[in-house]
2 protein chains.
Amino acid sequence: MTDVFERADEIADALGPRSDTAQGRRDRVARIAWSCLIEPGDRVAGALVRARGAAEAWELVAGDPDPRELVAGALVDPREARAALDRWRPRRGGGTVHDAVERARRNRIAVITPNDDLWPAAVDDLGDHAPPCLWVRGDVRRLAELTRSVAVVGARAATSYGEHVADEVAAGLARSGIAVVSGAAYGIDGAAHRAALAAGGRTFAFLAGGSDRPYPSGHTDLLERIAATAAVISEVPCGAAPTKWRFLQRNRLIAAVSSATVVVEAGLRSGSLNTAGHAAALGRAIGAVPGPVTSAASAGTHRLLREFDAVCVTSAADARELIGVVPLGDDAVRPPDDPEHTRVRDALSDRTVLTVPAIAARSGMSVADVEAVLGAMLLDGRGEGWRRRRS
Amino acid sequence: MTDVFERADEIADALGPRSDTAQGRRDRVARIAWSCLIEPGDRVAGALVRARGAAEAWELVAGDPDPRELVAGALVDPREARAALDRWRPRRGGGTVHDAVERARRNRIAVITPNDDLWPAAVDDLGDHAPPCLWVRGDVRRLAELTRSVAVVGARAATSYGEHVADEVAAGLARSGIAVVSGAAYGIDGAAHRAALAAGGRTFAFLAGGSDRPYPSGHTDLLERIAATAAVISEVPCGAAPTKWRFLQRNRLIAAVSSATVVVEAGLRSGSLNTAGHAAALGRAIGAVPGPVTSAASAGTHRLLREFDAVCVTSAADARELIGVVPLGDDAVRPPDDPEHTRVRDALSDRTVLTVPAIAARSGMSVADVEAVLGAMLLDGRGEGWRRRRS
């Protein structure tokens, strides 16, 4: 199982930057191996890698150690450690690393790790649940743009209304230089990616399976275009199948890398509610687009508004506000009319010319106040009295 | 100006209950006179009536006193008192009281005051801005039902979607024995009143003009039906015209008498946002019905959700919850699937029969955990392995 290090140079050259040091190569390769051993979100693996470093932790685990050895220095209790060793054992003999590396090499997929400058720092907010590395298809330099990003997600079973709004919101974000993050599914996700691309902006797709496996297959071309302009990313190794568990964990990754999450349409059991839940747990802003209460496709977003204190998002401007980006020319709401002006205007007539005392009696105001208001108003002043200006 | 008391018995008999004491009659008549002198929301009048009693305050003001006399005992400063005397003066000569009483008598409209048992106590939350009395067309005994009421209000320029939802919400409330309060306008208000009537429930209309003046005139029949089953109410005297100021003040009265306010549809400058603002200021729950973000008629409700922390209301059940009425059979959301079950189910195949170690490797779980989960799941157990049950 430790034999991954025998091929460290070859693997690191193929999947990492040329500038890797010898230690960097060992770390990268160990993280690749960890990525092949565990399922996403494995807290014990995360704690161990953080406490010991990926390579040392790997060597330790490869020796099938006593659970107490795993505990030392990591925030793991012996029972958790034993359970982890038990769940890692069935995969230790597998040839997954070799296969994943081959697939990555063939598809020009890079592996980036927390030691790379381009690693999205926001992922670290997942703590021990953070993935050991990310498998990136596309231009790794674009990952820097995730620092200003909004996830636009929603139901596969979207309505044309939902797709229309996803399009508007994603295009508006992309035009403002904010990256659009989504999950490449049919429906809302696809509409968001396509709109960002059409607007000439950046969009990132996070997959539940390997980033070499276009999923859904009907989005093969879309994923190609995303990879050509930004990146298609996964925490599971190349070749890995998308499973329900990995979808749920992929959702937490989308929530973590994005500065805010907007759910456009979601049924009551939609996976995008799971994404929103992760975003909220991570302290990210969550937005929900309302829709007709008669539409089942909006029932989930209404639940977010009702129960999760999501912000009501009706436009790209609202979505930008979630991450504190406010337009320069602010379209403030007009202040309400002055009460005395309202009352004088009520008292005036379009036709009849009224004296100031008559206006005072009609408006229930003093003569002096009526005179002051009339002086301030743009009205047709006549010698004998006042009447309302026709608009 | 004090001559109202000369006709006190006659007026009180016509507009109040027979059981009035002599003092009760004086108070009722003084409040009627105050109601004719002031515009709604007059804080100085309210403070004075509270401090001195309606009749004594009336006699004091009738004598055109020094502003300092008004100040004594009431929370009014001399400048405010002088301004109030100045604004009341233009109306003191008018014959409005006589006219209003005649109209009320002809239309069988009663005047109720804070001394009547049926006075809606919630109105007192308006403090000095509370009206001196209410002019009630219909069955005054029904006013008791306002203690369990929800205002359903919204734009005159409603869409068929908005009217449909107003209908659903109001009918559902009415069927639960909750009174529906609204403003009798075209659009949402009318739909809410009609639905409550059709459901055989109670609905109350608050008018900006006198309760003898059906407004809008196209709702004359509707107001007739409301008066026949509950009441049409106004704080301005019979004969008074609906003015913009009185609409705004009528909105505050709707907000005060209702336990919660639900805005169904509202443009960005709709008067129903004003009602919601008053409700929020009074500490009443406010609800807003979402709609398509592409609909201008929902822009105001979305603003309530975004900026005023309104509760997202999608049904009559949601509206009932605003006032703490929760259905008995609660439809709790199903708990999320157990993570280990999800992972085992992901690992299983519909076709291929798998061994436990194979399932463990695919799911990234220990053999023991896989066995435990499989034991708990309803699966087709085969001698040689496991596969997913077809649903």
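Read the figures in this text as sums done on the coordinates, not as results from a lab. Quick caveat, the model's predicted, so the values are computed rather than measured. Cβ atoms come from the backbone with ideal geometry, glycine included; neighbour counts cover every protein chain shown.
Applying the condition of being out of contact with any helix residue (DSSP H, G or I) (no Cβ under 7 Å at 6 or more places or on another chain) and in a helix (DSSP H, G or I) to segment A:160-183 and asking which residue is farthest from A:Ala266 (Cα to Cα) yields A:Arg175. The set of residues in segment B:349-362 that are more than 7 Å from chain A (Cβ to nearest Cβ) and under 60 Å from the mean Cα position of the chain (by Cα) comprises B:Ser349, B:Asp350, B:Arg351, B:Ile359, B:Arg362. Within segment B:344-353, the set of residues being within 21 Å of A:Gly209 (Cα to Cα) and among the aliphatic types (A, V, I, L, M) comprises B:Val344, B:Ala347, B:Leu348. Looking at this structure, is A:Ser160 free of Cβ contacts under 8 Å to residues at least 40 places away in the same chain and over 30 Å from A:Ala57 (Cβ atoms)? Yes: the conditions hold for A:Ser160.
Considering segment B:143-174 alone, what residues qualify as being closer than 15 Å to B:Thr301 by Cα and surrounded by fewer than 24 Cβ atoms within 10 Å (Cβ to Cβ)? Of everything in segment B:143-174, those that are closer than 15 Å to B:Thr301 by Cα and surrounded by fewer than 24 Cβ atoms within 10 Å (Cβ to Cβ) turn out to be B:Arg156, B:Ala157, B:Thr159, B:Tyr161, B:Glu163. Could you please find all residues in segment B:175-197 being among the hydrophobic types (A, V, I, L, M, F, W, C) and either out of contact with any strand residue (DSSP E or B) (no Cβ under 7 Å at 6 or more places or on another chain) or surrounded by fewer than 23 Cβ atoms within 10 Å (Cβ to Cβ) (or both)? Within segment B:175-197, B:Ala185, B:Ala191, B:Ala195, B:Leu197 qualify.
Looking across segment B:271-308, the residues that are charged (D, E, K, R) and touching a residue at least 12 places away in the same chain (Cβ under 8 Å) come down to B:Arg284, B:Arg303. Helices (runs of 4 or more DSSP H) fully within segment A:184-286 that include at least 1 residues being hydroxyl-bearing (Ser, Thr, Tyr): A:220-229, A:271-281. Could you tell me whether A:Arg250 is over 19 Å from A:Glu168 (Cβ atoms), buried (at least 24 other Cβ atoms within 10 Å of the Cβ) and among the basic types (Lys, Arg)? Yes, satisfied. Considering only residues in segment B:22-56 that are of a type outside the set (A, V, I, L, M, F, W, C) and in contact with a Pro (Cβ under 7 Å, 6 or more places away or on another chain), the one that is surrounded by the fewest Cβ atoms within 10 Å (Cβ to Cβ) turns out to be B:Pro40. Considering the conditions (1) closer than 28 Å to A:Val29 by Cβ; (2) part of a loop (DSSP other than H, G, I, E, B); (3) within 14 Å of another protein chain (Cβ to nearest Cβ); (4) small (Gly, Ala, Ser), A:Ala83 is excluded by exactly one of them, (2). Among the residues making up segment B:27-46, those that are within 17 Å of A:Gly364 (Cα to Cα) and part of a helix (DSSP H, G or I) are B:Arg31, B:Ile32, B:Ala33, B:Trp34, B:Ser35, B:Cys36, B:Leu37, B:Arg43, B:Val44, B:Ala45, B:Gly46. Filter segment A:298-317 for residues that are assigned to a helix (DSSP H, G or I) and within 7 Å of chain B (Cβ to nearest Cβ) and give the result. If the condition is that a residue be assigned to a helix (DSSP H, G or I) and within 7 Å of chain B (Cβ to nearest Cβ), then A:His302, A:Leu305, A:Arg306 are the ones that fit.
Taking (1) among the β-branched types (Val, Ile, Thr); (2) buried (at least 24 other Cβ atoms within 10 Å of the Cβ); (3) facing another protein chain (nearest Cβ under 9 Å) in turn, A:Thr243 satisfies each apart from (2). All conditions in (1) more than 21 Å from B:Glu224 (Cα to Cα); (2) free of Cβ contacts under 8 Å to residues at least 40 places away in the same chain hold for B:Pro132, with the sole exception of (2). Would you call A:Val169 touching a strand residue (DSSP E or B) at 6+ places or on another chain (Cβ under 7 Å), within 14 Å of another protein chain (Cβ to nearest Cβ) and aliphatic (A, V, I, L, M)? So A:Val169 passes the test.
Of all the numbered requirements in (1) over 16 Å from the mean Cα position of the chain (by Cα); (2) farther than 19 Å from B:Ala317 by Cβ, B:Asp125 misses one, and that requirement is (1). One residue alone among B:Asp128, B:Asp99, B:Asp124 is assigned to a helix (DSSP H, G or I) and touching a Lys or Arg at 6+ places or on another chain (Cβ under 7 Å), and that residue is B:Asp128.
For segment A:3-21, the set of residues classified as outside any loop (DSSP other than H, G, I, E, B) and surrounded by fewer than 17 Cβ atoms within 10 Å (Cβ to Cβ) consists of A:Asp3, A:Glu6, A:Arg7, A:Asp9, A:Glu10, A:Asp13, listed by residue number.
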